[in-house]
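> Take this structure first; my questions come after.
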Amino acid sequence: MTRVSRFLRMATRSGLGFTANHILSALAVRLRPSRLTSWPRFIQIEVTSRCNMACVQCSRSTLGAPSSQGHMSLALFEQILGQFKHYQYLTLHGLGEPLLNPHLEEMIRVASRRSRDVRIGFNTNGLLLKPERVAALARAGLHEIGVSLDAATEETFRKIRGPHDFQQVKEQIRAIVSLNGPRPDVGIAMVVMQPNVGELTSFVEMGADLGVQSVSLCDLSHRWRPTDGDDPMAVQDLETAWRETARAEARAAELELPFVYTKLDDVLWPGVFVPCFYLWDYPYVTWDGKLTPCCALPYAETFSFGDLKRTPFRELWNSREYRQMRADLRRGHIPKVCEGCHHAEDPALGHVCTCKRDPEAEKQEDP
């Protein structure tokens, strides 16, 4: 393995950098070393922290909006992107709605010109999803858009996403899918929660009706809402979840619609555990240039590895703080900032989701 790694490091410095780095990064995610020679294949840059929605499951609602909010400038975007090499995927969303940033088109153009190998995309709530703007973004180099809907009915949409026009968002998706000329791939996404758990099959059918290229489901990635007791958004009706998931998968196959369900919740899916890969392959950059561990920890005022305006990414990537956090997770020691995350709390090591502890058992544990 040492000889292979040495060869790949040499190849990364030569003209084979992109391919060699891909292999090195994949090995890093699997072996989880503290110090990395690879560059991350995935980068998430928060082009804005401002948002025009207040979704119940979002960190902005559960943990509060960031203390400092704004749009990333084009100059800062270029400065930050220039610090990375060999990346394959660039995600341009974070705590905010990316279409609010007036420089988004030029940012995509800069990223596309910098690397023809990179795939560029972002998630949006769909309120500002106008066909003419999406066409311009596609011409600039945008490859994919994920529209977060979280519902198949108007009632559930409003319950989760607020008093917005569900039908209008759907019609805008339909218009984008029908664009002539360059257009990005379009998918719809749902975070599976108690309010929408009975709509999974309907969500797949809605995606087929809209003409999107994919449908994605995902569990809540963390349980940080409650101070005690259960998370009111977490799925409680397990039987419905299991039944609807099977039906949704079958219906997607019938419709020949690409369908992905990222299962993270070990209460809903016993035995499921997806170890953290963010610390090894997927850094998150806030709108003002701070480097944080991941998209679930975008609050630089709470924790960050440093400021990319002042310290180069490569230096921070192997900083003492980064290496210590990787080492802790590899040993099963959950850093304080990672408590409650499904990518950190491994049931096989005795970790228990913070919102699923038995209150009576906790009382018995108190001295």
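> Which entries of 159/263; 85/309; 263/336; 85/130; 130/159 show an alpha-carbon separation above 26 angstrom in the structure shown? Working shown, then result.
Values: 159/263 23 Å; 85/309 17 Å; 263/336 23 Å; 85/130 32 Å; 130/159 24 Å.
Check vs 26 Å cut-off fails for 85/130.
> Separate question: For a quick check, take a GNM of the chain with Cα springs below 10 Å and name the residue from 199, 97, 154 with the largest mean-square fluctuation.
Looking only at 199, 97, 154, the largest GNM fluctuation is found for 154.
> Oh, and also: Could you work out how far apart the two model spin labels at residue 179 and residue 320 are, taking each label as a point 7 Å from the Cα in the direction of the beta carbon, and quote it in nm?
In this crude spin-label approximation the distance works out to 4.8 nm.
> Per residue, what accessible area does region 135-226 have, given a 1.4 Å probe and all protein chains present, in Å²?
Numbers: 3250 Å² over 92 residues.
In whole numbers, region 135-226 has 35 Å² accessible per residue.
> Of all GluC sites (Glu not before Pro) in region 275-340, which ones are in loop regions per DSSP and have a Cβ with at most 15 other Cβ atoms within 10 Å?
301, 339
> Follow-up. Heavy-atom accessible area of residue 304 with all protein chains present, probe 1.4 Å, nearest 10 Å²?
Around 40 Å² of this residue is reachable by solvent.
> To continue, here is another question. For the chain, set up a GNM with springs between Cα atoms under 10 Å and report which of 107, 325, 190 has the largest fluctuation.
Of 107, 325, 190, the Gaussian network model singles out 325 as fluctuating most.
> How big is the charge dipole of region 247-293 about its Cα centre, in debye rounded to the nearest 20, if each Lys and Arg gets +1 on its Cβ and each Asp and Glu gets -1 on its Cβ? Spell out each step's value before the answer.
On the way: 4 positive and 7 negative charges, 14 e Å.
The calculated dipole for region 247-293 is roughly 60 debye.
> Over the chain, what relative contact order in percent results from Cα pairs under 8 Å that are six or more residues apart? Can you show the working numbers first?
Values: 643 pairs, mean separation 64.5, N = 367.
The value is 18 percent.
> Ignoring everything but the protein chains, give the 1.4 Å probe accessible area of residue 100 in square angstrom, nearest 10.
60
> Let's see if you can work this out: charge +1 on each Lys and Arg Cβ, -1 on each Asp and Glu Cβ, no other charges. What is the dipole magnitude of region 125-179 about its Cα centre, in debye to the nearest 20? Please report the intermediate quantities before stating the final value.
Values: 8 positive and 7 negative charges, 24 e Å.
Once rounded to the nearest 20, the dipole reads 120 debye.
> Then there's this: Quick one: putting +1 on the C-beta of Lys and Arg, -1 on the C-beta of Asp and Glu, what dipole do you get for the chain around its Cα centre, in Debye to the nearest 20? Show your work: numbers first, answer last.
Numbers: 44 positive and 44 negative charges, 463 e Å.
Result for the chain is approximately 2220 debye, rounded to the nearest 20.
> Same structure, new question: If you roll a 1.4 angstrom probe over the protein chains with everything in place, what fraction of the accessible area of region 77-122 belongs to carbon and sulfur, to the nearest %? Walk me through the numbers before you get to the answer.
Working: 690 of 1810 Å².
Roughly 38 percent, rounded to a whole number.
> Taking 7 Å along the Cα-to-C-beta vector as the label spot, tell me the residue 349-residue 19 distance in nanometres, rounded to one decimal.
With each label point 7 Å from Cα toward Cβ, the separation is 3.6 nm.
> With n ≥ 4 as the cut-off for DSSP H runs, can you work out [θ] at 222 nm for the chain, using -39500 (n - 2.57) per run divided by the number of residues, rounded to the nearest 500? Please list the in-between numbers first.
Working: 14 runs with 136 residues, N = 367.
Computed ellipticity for the chain at 222 nm equals -11000 deg cm²/dmol.
> Shifting gears a bit: Provide the percentage of antiparallel DSSP beta bridges, counting only those with both residues in the chain; round to the nearest 5.
Numbers: 6 of 33 bridges.
If I count the DSSP bridges inside the chain, around 20 percent turn out antiparallel.
> Ignoring ligands, DNA and RNA, how do 165, 265 rank by accessible area with a 1.4 Å probe, largest first? Intermediate results must be reported in sequence, preceding the final value.
Values: 165 70, 265 10 Å².
Solvent-accessible surface, decreasing: 165, 265.
> Using a 10 angstrom cutoff on alpha carbons, build the Gaussian network for the chain and name the most mobile of 255, 137, 76.
255
> Suppose R0 equals 35 Å; then what is the FRET efficiency for residue 307 and residue 139 from their Cβ-Cβ distance, rounded to the nearest 0.05?
On the way: r = 33 Å, r/R0 = 0.95.
That pair, residue 307 with residue 139, gives E of 0.60.
> Which one of 258, 67, 104 is farthest out on the positive end of the charge dipole of the chain, using unit charges on Cβ (Lys, Arg +1; Asp, Glu -1) and the Cα centre as origin?
Result: 104, furthest along the dipole toward the positive end.
> Answer with a single label: of (i) 13; (ii) 20; (iii) 6, which was calculated as percent of Cα pairs over 40 Å apart from the structure in view?
Of the listed options (i) 13; (ii) 20; (iii) 6, (i) comes from this structure.
The values are calculated or read from the model by the stated rules, or taken from the named source; none is laboratory data. All values reported here derive from a predicted model rather than from experimental measurement. Glycine gets a Cβ as well: all are built from the backbone with ideal geometry, and neighbour counts include every protein chain shown. Please note that ligands, DNA and RNA were not included when accessible areas were found on the heavy atoms of the full protein model with its side chains. Shrake-Rupley method; radii C 1.70, N 1.55, O 1.52, S 1.80 Å.
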